[in-house]
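The structure under discussion appears below in the form of structure tokens.
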Amino acid sequence: MPAPANATLDTLLALMRPWPKSWSYDDQDLAAGARLVAEFEPFIRHLHSAGLAPRTIRRHVDNLGVLGCELIRKSRMTDPPEPIPPLIEVVEEEGGPLLRGTECEDDQREFDATCKKLYRFLTATKRGPAPRQSRKRRSASNSVHHLERLIADATTDAYDHDEQVGGFLACFEEHVSVPFMTTILGAIVRVSAFDLDDEGRIVAVCRHGKAKQRIGITDLPLPNPLPAGHEWIVAYRHWCKGR
């Protein structure tokens, strides 16, 4: 006998209950996480009442989990942590914030689809303050065409691998704004400079308190908001994939 419709809804809502603890860095994040889950729940109920397939709703639920995690992480980028703004100030008609550390356009596109739906739901139900005018978030800065143009600029007149990496490093030093803060394995670190490791790869020089560590650029999680010039980091990663 098939399960009743609200059993599916109950199952979906149950998926969100562990989120505050899984997002938290310590106990002070639990209240903010619980608030986000409470704000997400009416949206999930709305999707369910609209008759969307359970698999589709589940995908939206998963994306909300990513959104909540990003908001908690971003609030912890300052000391003391910044309060999390109302959801209507986080999502917009173009989508959501840029996902950190991802170069997969499909992942970002799927995440944005959820954020667009959430934005329409929030504006239709007049939740939170009046929505801001939509802003240009990403333009074409991370499009493949733009990345290839940056790669060409970085590697012009560079005839071997080492010279090409050196070209990228020069572009990093000229265009990527440092210092900026990011999170590595739960620790907030300060990226202060770029350098080459012993194998000729670009690394970020990261500091956490008195500790100093060099992290490969291909492994460095990018923060949200992104630092000025971040597209050079994305271009270098794109270039590395083709090697």
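The values are calculated or read from the model by the stated rules, or taken from the named source; none is laboratory data. The structure displayed is predicted, hence computed values, not measured ones. In this analysis, Cβ positions are derived from the backbone assuming ideal geometry, glycine residues included, and neighbour counts consider all displayed protein chains.
Only one entry in ARG59, ARG55 is free of Cβ contacts under 8 Å to residues at least 12 places away in the same chain and either aliphatic (A, V, I, L, M) or in a helix (DSSP H, G or I) (or both), namely ARG55. Kindly establish whether VAL191 is surrounded by 15 or more Cβ atoms within 10 Å (Cβ to Cβ) and under 22 Å from LEU99 (Cβ atoms). Yes: the conditions hold for VAL191.
Right, ARG127: within 22 Å of the chain's Cα centre (by Cα) and either modelled with pLDDT of 95 or more or not hydroxyl-bearing (Ser, Thr, Tyr) (or both) or not? The answer is no for ARG127.
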